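Beneath this line is the structure, given in structure tokens, with notes to follow.
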Amino acid sequence: MLRAMGVLSLFGLPTTVWSPSQLNRHVRQVLESDYRLSDLWLAGEVANLSHPASGHLYFSVRDSEAAVRCVMWRPEVARLPRLPRDGEAVEAHGHLSVYEAGGQYQLYADQIAFAGEGALYQEFLRLKAVLEAEGLFDPDRKRDLPKWPRRIGVVSSPTGAALRDVVNVLGRRYPLAELILSPTPVQGEAAPAAIVEALRAVNQYGNPDVILLVRGGGSMEDLWAFNTEEVVRAVVNSTAPVVTGIGHETDVHLADFAADRQAPTPSAAAEIATPDRAELAGELREHRQRLARAWRRQRDERHSQVAKQRAALALASPQARIANARQRSDDLARRVVAAVRHELALRQAGLRGLVQTLTAVGPETVLARGYAVVRRLADGQVVRSMAQVKAGDPLGVRVSDGSFGARVEI
Amino acid sequence: MAKKKPVDQMRFEEAFEELAALVGQLESGEQPLEESLALFERGQSLAAHCSQLLEQAELKLRQLVPDDSGGYSESDLELEAE
């Protein structure tokens with residue numbers, strides 16, 4: 001271990017001082033831990049080719065702005081049909097790592113694909129540039145895929161593995177949909193025109209929400225139909241959005257650039273175009289739970305609100321006042337009756353007094369005290385004065401317990 | 001409330017999206033209790049309908065076949081066994 005002691009960074013923290021071999025080894029490990037760099041295709045032009053006596057092949061793959069160093073070991077070189085040439089367009093496959101002694105990262109190539117002896121590849125690049133310039137590959141041309149595709153058009157060979165893959169994926173992920181195959185050959189001279197017609201047919205007669213343009217893997221020549229201008233234009237002009245899934249992971253075709261979405265394989269195209277049944281079932285479960293929770297919460301809330309309001313209602317209720325008033329009116333009624341009785345009693349007492357007074361001043365009482373009422377018998381007049389009588393007049397005398405006759409004597 | 005489609009006549013995505021909207025509505029808790037109960041009950045039948053559709057669905061396979069008039073017509077697609 002070579003490590004300087006006591007070296008401090010600007011921030012006062014001890015920092016590691018690397019040796020070149022440590023650093024190169026570390027960078028190599030970092031590079032090798034990225035899986036995307038462990039299996040990649042690098043496309044470009046060969047430069048600085050060298051083929052020394054060791055049998056290994058050293059070269060760079062470059063574009064107009066940058067270059068990547070490549071090495072291919074003798075056993076792999078031996079399997080190449082021929083050596084590449086400087087300036088030739090190739091695709092090199094391999095993994096990325098670091099040549100520790102030189103501190104240089106490079107592609108350890110195990111395969112070199114000659115881009116159709118250059119000619120096909122040149123045509124590919126030429127056409128790509130033309131169509132690109134025309135704006136056919138513009139990102140803002142891309143349409144969104146429908147969230148819920150009901151009818152999924154498939155433009156592919158009726159006998160190919162691609163269709164089978166698509167059927168499997170759709171059956172597993174989203175069997176609610178309907179698949180409409182617009183069958184077409186996908187390889188050979190007639191393929192481009194047939195693919196164009198199949199796209200037109202499915203758009204016009206299939207009523208698709210989305211179209212999968214798919215084909216399994218093959219050589220660049222096998223897949224050439226998907227690099228033709230007519231197919232690219234048919235994809236661009238499709239009424240329904242198009243998802244391509246052509247060949248293997250690493251292949252790229254002009255139709256892919258033109259598509260609304262590009263998938264690396266037919267299965268992946270089917271996945272991109274559909275929701276997943278398992279996820280939907282999960283979302284459904286979640287919706288169910290949320291629904292039940294929301295309902296319970298609301299119901300409980302209302303219950304407690306009702307209880308609260310009932311209590312408040314009891315407080316504010318007129319019932320209490322009614323009871324009060326009822327009692328008060330009973331009270332009043334009682335008092336009225338009592339008052340009336342009292343009055344009546346008073347009057348009765350008054351009446352008795354009057355009767356007594358009356359009786360006291362009446363003639364009976366006076367007679368009982370010894371007085372008598374004297375009347376002239378002739379006319380019944382009460383005698384109040386001497387002038388009313390002369391001697392010998394018959395009189396009627398009334399005393400307290402009866403009457404008797406008498407004569408006046410003067 | 002607007003008149004609603006009978007649940008058993010709904011397509012999966014209609015039912016699913018109405019369910020999602022309805023869950024949000026019920027969670028907002030801004031409706032009278034009777035309406036909440038109605039939402040809850042409809043939500044339950046929507047969810048049940050969706051589950052049933054998901055479980056029972058079977059991918060339909062169709063293909064376009066050229067017809068006599070120069071157009072295309074649809075027929076069932078039979079995949080050959082592997």
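Would the range A:187-201 turn up any residue that is at pLDDT 95 or above, within 30 Å of B:GLN52 (Cβ to Cβ) and within 14 Å of chain B (Cβ to nearest Cβ)? No, the range A:187-201 contains no residue that is at pLDDT 95 or above, within 30 Å of B:GLN52 (Cβ to Cβ) and within 14 Å of chain B (Cβ to nearest Cβ). Number of residues in the range A:159-210 that are over 36 Å from the mean Cα position of the chain (by Cα) and part of a loop (DSSP other than H, G, I, E, B) equals 9. In the set A:GLN289, A:GLN327, only one residue is open to solvent by 60 Å² or more (accessible area, probe 1.4 Å), among the polar types (S, T, N, Q) and modelled with pLDDT of 85 or more; that residue is A:GLN289. With the structure loaded, tell me whether B:LEU79 is assigned to a loop (DSSP other than H, G, I, E, B), facing chain A (nearest Cβ under 9 Å) and either in contact with a helix residue (DSSP H, G or I) (Cβ under 8 Å, 6 or more places away or on another chain) or surrounded by fewer than 18 Cβ atoms within 10 Å (Cβ to Cβ) (or both) or whether it fails that test. Against the criterion (assigned to a loop (DSSP other than H, G, I, E, B), facing chain A (nearest Cβ under 9 Å) and either in contact with a helix residue (DSSP H, G or I) (Cβ under 8 Å, 6 or more places away or on another chain) or surrounded by fewer than 18 Cβ atoms within 10 Å (Cβ to Cβ) (or both)), B:LEU79 qualifies. For the range B:25-34, the criterion of being over 21 Å from A:LEU176 (Cβ atoms), more than 7 Å from chain A (Cβ to nearest Cβ), out of contact with any Asp or Glu (no Cβ under 7 Å at 6 or more places or on another chain) and surrounded by 11 or more Cβ atoms within 10 Å (Cβ to Cβ) is met by at least one residue. Note on the range A:211-233: among residues that are part of a helix (DSSP H, G or I) and not acidic (Asp, Glu), the one that is surrounded by the fewest Cβ atoms within 10 Å (Cβ to Cβ) is A:ARG233. Against the numbered list (1) surrounded by 15 or more Cβ atoms within 10 Å (Cβ to Cβ); (2) out of contact with any Lys or Arg (no Cβ under 8 Å at 6 or more places or on another chain); (3) over 24 Å from A:ARG277 (Cα atoms); (4) polar (S, T, N, Q), B:SER69 comes up short only at (1). If you check A:GLU271 against the conditions, is it more than 20 Å from A:LEU127 (Cα to Cα), open to solvent by 50 Å² or more (accessible area, probe 1.4 Å) and among the charged types (D, E, K, R)? The answer is yes for A:GLU271.
Every test in (1) outside any strand (DSSP E or B); (2) at pLDDT 90 or above; (3) open to solvent by 60 Å² or more (accessible area, probe 1.4 Å); (4) not β-branched (Val, Ile, Thr) is passed by A:MET5 save one, and that test is (2).
Considering each residue of the range A:288-305, count those that are more than 9 Å from every other protein chain (Cβ to nearest Cβ) and either touching a strand residue (DSSP E or B) at 6+ places or on another chain (Cβ under 8 Å) or farther than 19 Å from B:LEU19 by Cα (or both), and give that number. Of the residues in that region, 4 qualify. Here the condition is being open to solvent by 20 Å² or more (accessible area, probe 1.4 Å), facing chain B (nearest Cβ under 9 Å) and farther than 12 Å from A:ARG215 by Cβ; of A:PRO183, A:PRO175, it holds for A:PRO183 alone. Criterion applied to A:LEU131, A:LEU120 was being outside the structural domain of A:LEU213 (by TED's automatic domain parsing), more than 46 Å from the chain's Cα centre (by Cα) and not small (Gly, Ala, Ser), and the one residue passing it is A:LEU120. Among the numbered conditions (1) of a type outside the set (Asp, Glu); (2) open to solvent by 40 Å² or more (accessible area, probe 1.4 Å); (3) touching a residue at least 12 places away in the same chain (Cβ under 8 Å); (4) more than 9 Å from chain A (Cβ to nearest Cβ), the only one that B:GLN52 does not meet is (3). Just to be sure before I move on: is A:HIS253 of a type outside the set (S, T, N, Q), more than 14 Å from chain B (Cβ to nearest Cβ), free of Cβ contacts under 8 Å to residues at least 60 places away in the same chain and crowded, with 19+ Cβ neighbours inside 10 Å in the structure I sent? So A:HIS253 passes the test. If you go through the range A:156-168 and keep only what is open to solvent by 10 Å² or more (accessible area, probe 1.4 Å) and more than 8 Å from chain B (Cβ to nearest Cβ), you end up with A:SER157, A:GLY160, A:ALA161, A:ASP165, A:ASN168.
With the structure loaded, tell me whether B:ALA57 is loosely packed, with under 15 Cβ neighbours inside 10 Å and either touching a residue at least 60 places away in the same chain (Cβ under 8 Å) or aliphatic (A, V, I, L, M) (or both) or whether it fails that test. Against the criterion (loosely packed, with under 15 Cβ neighbours inside 10 Å and either touching a residue at least 60 places away in the same chain (Cβ under 8 Å) or aliphatic (A, V, I, L, M) (or both)), B:ALA57 does not qualify. Checking each residue of the range A:245-268 against the condition of being part of a loop (DSSP other than H, G, I, E, B), modelled with pLDDT of 95 or more and charged (D, E, K, R) gives at least one match. Could you go through the range B:4-20 and let me know if any residue there is within 9 Å of chain A (Cβ to nearest Cβ) and either more than 27 Å from A:GLY171 (Cβ to Cβ) or touching a Lys or Arg at 6+ places or on another chain (Cβ under 6 Å) (or both). No, the conditions are met nowhere in the range B:4-20.
The values are calculated or read from the model by the stated rules, or taken from the named source; none is laboratory data. Note that the structure is predicted; figures quoted are calculated from it, not measured. Neighbour counts are summed over all protein chains in view; Cβ atoms, including those assigned to glycine, are modelled from backbone coordinates with ideal geometry. All accessible areas refer to the heavy atoms of the entire protein, side chains included, with ligands and DNA or RNA removed. Shrake-Rupley method; radii C 1.70, N 1.55, O 1.52, S 1.80 Å.
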